[in-house]
Each structure stands twice: as C-alpha cells, then as structure tokens.
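Reviewing the structure listed below.
The values are calculated or read from the model by the stated rules, or taken from the named source; none is laboratory data. No experiment lies behind these values; they were computed from the predicted model shown. Note that each Cβ is placed from the backbone with ideal geometry, even for glycine, and that neighbours are counted across all protein chains shown. Note: accessible area is taken over every heavy atom of the protein model, side chains too, but ligands, DNA and RNA are not part of it. Shrake-Rupley method; radii C 1.70, N 1.55, O 1.52, S 1.80 Å.
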Amino acid sequence: MNFLGLWARGMTSRPNRRAMDSVAINNTADNGRSGTGSVQYQLRQYAESTLGKASLHEAVLLPEGESLDEWVACHVVDFYNHINMLFMSVSHHCTDESCPKMCAGESYNYFWRDGVNYREPTSMPANMYVKLLVKWIDVQLDNTMLFPVELGQPFPPNFRSEIASQILKRMLRVYAHLYWHHYPQICQVGLATMLNTSFTHFTLFVTKYKLVSDTELQAVKDVIKILA
C-alpha cells in the first residue's frame, strides 16, 4: 500500500510544520560548502533556524540581500542529503525483484540517461537508478565550476535554469518512488514525519523558484494536496 492508501486509512498524520533538525549521516554532501564562517554555512544556519521558528512557506523565502543562486545551491545540497538518508533507510526493501523499474505507480516510469555511460534513456531497477543518481549528483556537487565554493566566484548563467533544475527534477523522482512504493517501510522506521516535512519543503521551494515543471509534479500531485 502506498502513501495515499495509508492516508485514507488514517495511518499517518500531516507533517509537523515545525520541521526537524538537519540529520547528519555519513554519506551526506559537503563539498566545502558548509565551513563555519562561509556564506554557504551562514545561509544554511539561517534556513535551519527559520525552519525551527516559522512555517515552511516562510522558510523558502530568500534572505534579504543574499544571492538566489547561493540559496538554491544550499537547498540542493540539503535536499540531496535528505533523500539520500530516506532512501538508505528502506533500500533493503527496494530490490531488483520488488522494484524492477524506476517508477511512481503504473503511470510514471523514469529512465536513466547521463550522456556518458547511458546515452539513451534506459529502463532499470529503481535501486540502480537511485545509485546512479547519487553518483551523478556527487559529481555535480564536486565540480566547483557548477557549485563554486570560493567567495565571489560566480555561478554559471544556466545554474538555476538547467543545472539545479535537472538535479531537483531527478530528486523529485526519488520522493515519488518512496511515496508510491515504500511509504509503509518509511513509517515502520519512524521517518514518515521527516519524509513529509522534507517533501513539503521541497515542493514549496521548487515551485516558489520555478525549478521543477508542473508536468514532473503530476506524479505526486495528490500527495502535495494532502500535505498542503
């Protein structure tokens, strides 16, 4: 049973509007963007303190005087860490047999293409898709031409429209797969509130700054309505 089925049966609750503290795990992204005293560190501290004091709607607002590219970059890293931890918590349930393709229900199938090892859209088990996605995002985050770490170093002109947008679009597919196929397991490990809060934050952020298309969001439109 997926998220919608459990919700209908009253087995879960709306996400806590006061989001949880950031969770540190071994396999989280850093890329030199979180050193104490850096602009990135200060923005992340600002975001976390806002999440603890106000609604998620307010938490996505750009701090006055700060760079929107930097704000988006910080959120890309944080959302990456969230989906990484969430998927890892149920990865043993996501096998070649249980999830032979990366999908969200029967209507949304996702194919992997990276332009290097997979030049054409390729169907594969969900766990392989997520593993390749994590490695692909790692490469993007480690590329200081795409995610600059030096003070004053500019972001690429297409950072939001192409680079961050593509990463976030693929992250959305992991959220969608988790809701459609692994929500009971997420509940069993006690991470339903984290998933719901993280996903609500994610959708508010990407819609606020037009980083993911409405077409991509269709796979989770019912979840979005429920969590609103």
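Summary of values
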quantity	calculated
Failed criterion for residue 226 (all others in (1) aliphatic (A, V, I, L, M); (2) without any contact (Cβ under 8 Å) to a residue 60 or more places away in the chain; (3) in contact with a Phe, Trp or Tyr (Cβ under 9 Å, 6 or more places away or on another chain) hold)	(2)
Failed criterion for residue 171 (all others in (1) in contact with a Pro (Cβ under 8 Å, 6 or more places away or on another chain); (2) under 16 Å from residue 126 (Cα atoms) hold)	(1)
Considering residues of region 145-188 that are β-branched (Val, Ile, Thr) and closer than 23 Å to residue 209 by Cα only, the residue most open to solvent (accessible area, probe 1.4 Å)	149
Qualifying residue in region 211-218 (condition: within 29 Å of residue 92 (Cβ to Cβ), assigned to a helix (DSSP H, G or I) and open to solvent by less than 60 Å² (accessible area, probe 1.4 Å))	yes
Test set (1) among the aromatic types (Phe, Trp, Tyr); (2) out of contact with any Pro (no Cβ under 7 Å at 6 or more places or on another chain); (3) open to solvent by 60 Å² or more (accessible area, probe 1.4 Å) - residue 111 fails condition number	(2)
Selection from region 55-98 of residues that are outside any helix (DSSP H, G or I), of a type outside the set (Ser, Thr, Tyr) and open to solvent by less than 70 Å² (accessible area, probe 1.4 Å)	60, 62, 63, 94
Selection status of residue 216, among the acidic types (Asp, Glu), free of Cβ contacts under 8 Å to residues at least 60 places away in the same chain and touching a helix residue (DSSP H, G or I) at 6+ places or on another chain (Cβ under 8 Å)	yes
Selection status of residue 115, modelled with pLDDT of 50 or more and either more than 23 Å from residue 201 (Cα to Cα) or touching a Ser or Thr at 6+ places or on another chain (Cβ under 8 Å) (or both)	yes
Matching residues, region 100-140, being acidic (Asp, Glu), under 21 Å from residue 90 (Cβ atoms) and over 19 Å from the mean Cα position of the chain (by Cα)	106
